[in-house]
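Asker: Pasting in a structure now, in C-alpha cells, and then I'll have a few things to ask.
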C-alpha cells in the first residue's frame, strides 16, 4: 500500500499527489491511501477514481482527517483520461465548455449584469447545440446554488446531458457547500484539464 499525506494541502494538490502515487505503481496493481482534512477533497478524489474506474472507499477518521483508499487494477495508469467525445454522423462534435466566474455578466451596473447573465444562461439552453460542460468558479459558484434565478435553466440543460460542475473550494469559501442545487463538485485540476481539452471556451 502507498500512503499519501495530503492533510493541509489545498485543491488540487491532493489529487496531484494521488496521481503521482498511482504513476509510481508503473502499471502494476496496488492500493493507494490518501489522507486529507476536508470533505471536498474526499469528493474530488472519489470523482477522480470513479472517472478512471478505480475501486474507491472513504472513511472519516475525525473532524479533520479522512482517508480515501483507491484500488488500482493491473495495467491502469493515472493518465488514462476518460474521453467525453460526442459522435454525430461519424464525426466528432466539438467539445464546448462554458466558463462562468461571476454572478453577473460584463462590467458596469451589477444589477444589469445579473439580468444579463440570467438571459445568457437561458439563451444558452435554447441553442440547437448545447455545450458539453459548464464550469462555475469564484463568484460564479452561487449560480448553481439554492436561490439562483438560473437554476431551472441549468437543471434543464443537465437533463439534456450537459455536465455542470462547480468548484468545491469556491463553494467552501463562500459557505455554499450545503447549498449546491444542480450538477456536481469539481476541483482546479479537473477545471484545467477540461479547459485545456476544450475545442471552444465560452465565457460570458
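The values are calculated or read from the model by the stated rules, or taken from the named source; none is laboratory data. None of these values were measured; they are calculated from a predicted model. Using ideal geometry, Cβ is built from the backbone for each residue, glycine included, and neighbour counts are taken over all protein chains shown.
Asker: Can you tell me which residue within the range 120-148, out of those that are surrounded by 14 or more Cβ atoms within 10 Å (Cβ to Cβ) and farther than 25 Å from residue 197 by Cβ, is farthest from the chain's Cα centre (by Cα)?
Answerer: Filtering the range 120-148 for residues that are surrounded by 14 or more Cβ atoms within 10 Å (Cβ to Cβ) and farther than 25 Å from residue 197 by Cβ, the one farthest from the chain's Cα centre (by Cα) comes out as 122.
Asker: Next question, about the same structure. Does the range 194-204 hold any residues that are within 28 Å of residue 9 (Cα to Cα) and more than 10 Å from the chain's Cα centre (by Cα), and which are they?
Answerer: 195, 196, 197, 198
Asker: Name the single residue that is surrounded by the most Cβ atoms within 10 Å (Cβ to Cβ) among those in the range 1-37 being in a loop (DSSP other than H, G, I, E, B) and in contact with a helix residue (DSSP H, G or I) (Cβ under 6 Å, 6 or more places away or on another chain).
Answerer: Among those that are in a loop (DSSP other than H, G, I, E, B) and in contact with a helix residue (DSSP H, G or I) (Cβ under 6 Å, 6 or more places away or on another chain), it is 11.
Asker: Consider residue 44 carefully, then state whether it is on the phi > 0 side of the Ramachandran plot and not assigned by TED's automatic domain parsing to the domain that holds residue 177.
Answerer: Taking the combined requirement at face value, the residue does not satisfy it.
Asker: Sticking with this structure for a sec: Being touching a helix residue (DSSP H, G or I) at 6+ places or on another chain (Cβ under 7 Å) and in a loop (DSSP other than H, G, I, E, B) is the filter; apply it to the range 82-120 and report the residue that is modelled with the lowest pLDDT.
Answerer: 82
Asker: Here's something else I'd like to know. Go through the range 38-55 and give me each residue that's touching a strand residue (DSSP E or B) at 6+ places or on another chain (Cβ under 9 Å) and surrounded by fewer than 18 Cβ atoms within 10 Å (Cβ to Cβ).
Answerer: 39, 46, 50, 55
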